[in-house]
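The values are calculated or read from the model by the stated rules, or taken from the named source; none is laboratory data. In this text, all values refer to a predicted model and were calculated from it rather than measured experimentally. Don't worry about glycine lacking a Cβ; one is built from the backbone with ideal geometry, like all the others, and counts go over all protein chains shown. To get the accessible areas, we keep the full protein, side chains included, count just its heavy atoms, and leave off ligands, DNA and RNA. Shrake-Rupley method; radii C 1.70, N 1.55, O 1.52, S 1.80 Å.
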Amino acid sequence: MSSLQNRAIELVKLNKSYGNFQVLRDFSFSIELGEFLSLLGPSGCGKTTIIRLIAGLENLQSGEILLDGVRIDTIPPYKRPVNTVFQNYALFPHMNIFENIAYGLRAKHLSSGMIKEKVFEALELVQLTGFEKRQPHQMSGGQKQRVSIARAIVNKPPVLLLDEPLTALDLKLRKEMRYELRNLQQKLGITFVYVTHDQEEALVMSDRVAVMNGGVIEQVGTPQEIFTHPKSRFAAEFIGDNNIFEGQIQDTQDGERLNITFESGLAPALGRGFKKGEIVNLYIRPDKIRWNLEPVPGFHLPGRVIDLVFSGALVSVIVEMVNGKEVRITKLAGRNLPAPGQKVFLSWNEDEALVMGSPNQQIYSLVNNFDLTKVEQT
Ligand SMILES: Nc1ncnc2c1ncn2[C@@H]1O[C@H](COP(=O)(O)OP(=O)(O)O)[C@@H](O)[C@H]1O
Ligand SMILES: [Mg+2]
């Protein structure tokens with residue numbers, strides 16, 4: 001059985017430039033049948049270009065795009081079996097909601113009864129039953145975006161492309177729509193290719209996330225894999241929110257137990273393939289750090305609480321380390337919190353810190369000479 005049979009979309013060695021600027025260079029990637037795949041990356045990394053190439057709105061310089069094993073890059077956009085939802089709703093302002101959704105079906109010469117059935121089904125899927133007679137200007141932003149989604153799914157395309165469809169909505173609505181879109185995809189059972197620069201969005205909605213940087217996919221995996229095992233410094237820094245400690249491997253035991261020294265102290269960690277003396281970065285998420293009033297065996301990370309920042313249900317405790325570095329710890333507000341000025345000792349579960357080689361070995365060679373006595377006096 002060919003693995004191609006499970007592929008909804010196959011992108012093979014795509015090359016695309018705008019003027020002298022090459023956005024994609026031999027870009028290859030596969031999207032599985034029926035999956036919710038997010039392309040996640042900062043602005044300008046080439047996400048929209050990929051969507052537009054699949055949809056046929058941009059020309060390829062070279063490469064192939066296959067859908068279900070059949071080349072589609074050679075056929076005009078309107079014949080490709082994909083639909084696209086864009087950030088701005090782009091409804092026809094002079095047509096009511098029914099006609100906006102029915103537009104694509106009219107061209108297919110379906111009976112009016114059939115068109116009505118399909119439009120009403122699509123309206124129900126996006127929870128807009130009863131809105132068919134409204135004009136676009138009588139709808140809120142969120143409702144308009146639902147209409148454009150209804151319009152895109154009304155003819156049940158095997159693949160739906162969504163380019164930052166929630167970006168124009170306010171935060172509360174954006175969060176609600178995430179779950180709605182995910183439910184919709186599961187109900188329809190079709191492939192979603194979802195573009196976003198919002199990591200939280202990608203992590204909560206997707207089956208797989210592809211983290212992009214500068215026209216290249218740095219890592220592909222389930223949200224869980226991406227979040228807990230980022231494979232590159234970019235992925236670790238882009239995904240979620242980490243405190244980063246620069247340090248040096250002091251010793252290794254059993255090939256995986258490490259002790260790492262920092263300008264601000266010392267911590268144990270787990271990691272394979274590191275050598276004594278190697279310069280590393282340790283990543284630890286703000287919600288994984290504990291503050292303690294007494295030193296914790298194995299750790300030596302003393303500091304002083306300098307600020308508490310409340311936002312909604314969360315509080316960030318800012319701790320200044322002995323070298324002046326600020327560490328952020330987040331907890332649910334309402335529990336016992338330290339007061340500003342309080343001396344604390346930081347710790348975490350060893351397996352929740354991530355250790356990676358530092359890309360910049362020389363800069364941190366200074367760490368060799370840091371003064372532990374300074375740490376102890378604090
Ligand atoms: N029509 C265009 N003409 C020139 N440069 C473009 C054009 N469209 C996009 N680019 C450039 O290509 C790069 C990738 O753009 P895009 O695919 O829109 O990124 P993203 O969607 O990830 O923000 C950016 O540097 C952007 O400025
Ligand atoms: Mg874009």
Task: Probe 1.4 Å, accessible area per residue of the chain, Å² - done: 49 Å²
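How many percent of all Cα-Cα pairs in region 3-238 sit more than 31 Å apart? It would help to have the intermediate numbers written out before the result.
Numbers: 6201 of 27730 pairs.
Value for region 3-238: 22 percent of Cα pairs lie more than 31 Å apart.
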Task: Long pairs among Lys13/Lys144; Lys175/Lys331; Lys13/Lys231, criterion Cα-Cα beyond 29 Å - done: Lys13/Lys144
Open item on the list: If the only charges are +1 at each Lys and Arg Cβ and -1 at each Asp and Glu Cβ, what is the size of the charge dipole of the chain around the Cα centre, to the nearest 20 debye?
Closed with: 1220 debye
Task: Highest-MSF residue in the chain out of Gln145, Gln22, Gln248 [GNM, Cα springs under 10 Å] - done: Gln22
Open item on the list: For the pair Leu314/Asn349, report the inter-label distance in nm, with labels modelled 7 Å from Cα in the Cβ direction.
Closed with: 1.9 nm
Task: Mean ellipticity per residue at 222 nm, deg cm²/dmol - from DSSP H runs of n ≥ 4 across the chain, formula -39500 (n - 2.57) - done: -7000 deg cm²/dmol
TODO: Taking the Cα centre of region 232-366 as origin, work out the dipole magnitude from +1 charges on Lys and Arg Cβ and -1 charges on Asp and Glu Cβ, in debye rounded to 20.
DONE: 160 debye
- [ ] Could you please state how large a percent of the accessible area of the chain is carbon and sulfur, counting protein chains only and using a 1.4 Å probe?
- [x] 50 percent
TODO: Using label points projected 7 Å from each Cα along Cα→Cβ, tell me how many nm separate Asp307 and Ala333, to one decimal.
DONE: 1.6 nm
Open item on the list: If you scale each eigenvalue of the Cα gyration tensor by 5 and take the root, what three semi-axes come out for region 243-377, rounded to whole angstrom and sorted largest first?
Closed with: 26, 16, 13
